[in-house]
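The block underneath contains the structure these notes are about, expressed in C-alpha cells.
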Amino acid sequence: MDQSLNLSDLAATLQAQIEAFTPRVEAQSVGSVLEVGDGIARISGLSAVASNELVQFANGTLGIAFNLERDNVGVIIMGEYQEIEEGQPVRATGRIASVPVGPALIGRVVNALGQPIDGKGPIRAAAFRPVERIAPRVVERQDVDTPVQTGIKAIDSMTPIGRGQRELIIGDRQTGKSALTIDAIINQKGQNMVCIYVAIGQKKAQVARLVARLERYGAMEYTIVVMASASEPAALQYLAPYAGCAMGEQIMEEGAMIGGQFVNDVLVIYDDLSKHAWAYRQVSLLLRRPPGREAYPGDVFYLHSRLLERACKLSDEKGGGSLTALRACPTATSSCRPARRTTKPRAWTVGSTGARERIMRPRRRWRRARTRTRSISCACASPAARSPRCRLSRPCWATCRPTFRPTSFRSLTARSSWRATCSTPASARP
C-alpha cells in the first residue's frame, strides 16, 4: 500500500514538473571552420558576428573576429590552434573582447587575456572591461600639473613627466630603456600610484628576472605585469597593450585601495611597441590586408594613436584620476648616435627674401687637372720638334689635331685651357 502511494506521489511530482516546464528558444550564431593555420582561421556562417567579438571553437579556444568580409570572417586565434581542424563548429559568444579588471589584479602576473600565469591561484575580478574603448573627450580632461618622479635627476629636472602625459623613450638596443622604466616603477613606492608593466615580445626568462627584481624592492605590491612573450601567438602580442590600458583605465576611473589609501593614478609602460607593430603586421598579412610601406598596413599609425590617446588626466567631475603612458621604442643600430662632422658649416647668405641657410654639402676638393693625351707617331717630325704638351709634331698639327683630345676633364680650367690651345693656329704656337 505504501509503495503504491509513493509511486503515485512520484508520478504526480513528475507531471507537475512537466506542466511547469517552459521551453526556452535562443538564437545563436554558429559557423564552421573553412581553413586554419599560423594562428589565423577563416569562418563561414557567422553572419551576425560583430567586430572584435569573441568566438569560441570546439576545443574551447577563443578567438577575435578581426576581418568581416562578404562571405567569411577572419579570426585571430588566441591560443593553440593545432587541434582546430577544418569543418569544426564555431559559435559566437556575443561578448566583445574584454579582460578582467579591478584591484584583484594588483601584484599579479597575467597574460593578454587577464589569466594568471604566476601560479598564485585564480583571480576573482570584480568586472570585465572591453580592451577597445574610445578615449575621453577634451571636456572630460584637465591640465597636467602633477609630475611623475622617475628617480633619475636628469629626467626629473630637465624633461619632467606629468601625470596623464604620454612620453616616448627611444634609443638603440642595449642602451637602458627598460632599466629606466623599471627604476621609475621602483621609485613610485609611497607615491600613491599603480604601475602596469606590459611586456611585448620579450623572453619569459627576462620577464621572470624583472618580476623578481620588483619583488625584491617591494614594488609588486602596487604593480601589475601583463606579459605576451615571444613564444606566444601574434594575436596575444597584439592584444596585450590594449589589455593593460583597460586595466589601468578601471583604476583611473574607479580607484583602488593600496595600503589603506585611495589611489586613482596609474603609470602604464609599454615595452615595446615596435614588437607590437610587428605582431600587427604579421596578423594583417596573414589575413591578406593590403600592405603599405615595409609591409605594414595602412592603419599602423592609428594602431598606436588610439592606444596612447587614452592616457589623460580626468577632470574633477570625473574623479581626477590620471593614466600616464611610457612607451619604449628601439631604433636601428647607430641611428641615434651623433655622426662625426666631416665638413665645416656653410655661411649664411642674405637675399631679397631674408636670411636663408645654404644646403650643407661636403666640400669638393678639386685635384690638379691632368690632361692625358694619345701619343700619335708622326713620320715627318723629329722627336726634338714635338711639342711637350701634345707630343705631336708641329708640321702635322693641323692633320693630327682632331685626334688630340683629353680623355677626362677634372675641372673647368682644364677644359677651357684645352679649347684655347686647340683654337690657336699652328703658326702662332711656340
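Students often get this wrong: which residues of the stretch 22-40 have the backbone nitrogen under 16 Å from the point 7 angstrom along Cα-to-C-beta of ARG91? Output list for this probe position: 24-33. Ignoring ligands, DNA and RNA, what percent of the accessible area of the stretch 202-317 is carbon or sulfur (1.4 Å)? For the stretch 202-317, the apolar C and S fraction of the accessible surface comes to 52 percent. Taking square-rooted eigenvalues a ≥ b ≥ c of the alpha carbon gyration tensor, is the stretch 117-168 rounded, prolate or oblate, where a/c under 1.5 means rounded and, failing that, a/b exceeding b/c means prolate? Note, shape of the stretch 117-168 comes out oblate. Once you reduce the stretch 158-225 and the stretch 257-325 to the center of their Cα atoms, the two points are 16 Å from each other. Taken per residue, the accessible surface of the stretch 35-187 reaches 52 Å², heavy atoms only and a 1.4 Å probe. With R₀ fixed at 22 Å, the C-beta to C-beta distance from ALA127 to ALA50 puts the FRET efficiency at about 0.60.
Residues of the stretch 117-146 with an amide N closer than 17 Å to a point placed 7 Å from the Cα of LEU68 along the Cα-to-Cβ direction: 131-134.
Using only the Cα atoms of the stretch 198-281, build the gyration tensor, take square roots of its eigenvalues as a ≥ b ≥ c, and label the shape rounded, prolate or oblate: rounded if a/c is under 1.5, else prolate if a/b is larger than b/c, else oblate. Cα axes put the stretch 198-281 in the oblate bin.
Tally up the carbon and sulfur contribution to the accessible surface of the stretch 64-136 as a whole percent, 1.4 Å probe, everything protein left in place. Of the solvent-accessible surface of the stretch 64-136, carbon and sulfur hold 50 percent. Solvent-accessible surface (1.4 Å probe) assigned to LEU68 amounts to roughly 90 Å².
The values are calculated or read from the model by the stated rules, or taken from the named source; none is laboratory data. Small disclaimer: the values here were computed from a predicted structure and weren't measured. Neighbour counts run over all protein chains shown; Cβ positions are idealised from the backbone, glycine included. Just the protein is used for accessible areas: all its heavy atoms, side chains included, with ligands, DNA and RNA removed. Shrake-Rupley method; radii C 1.70, N 1.55, O 1.52, S 1.80 Å.
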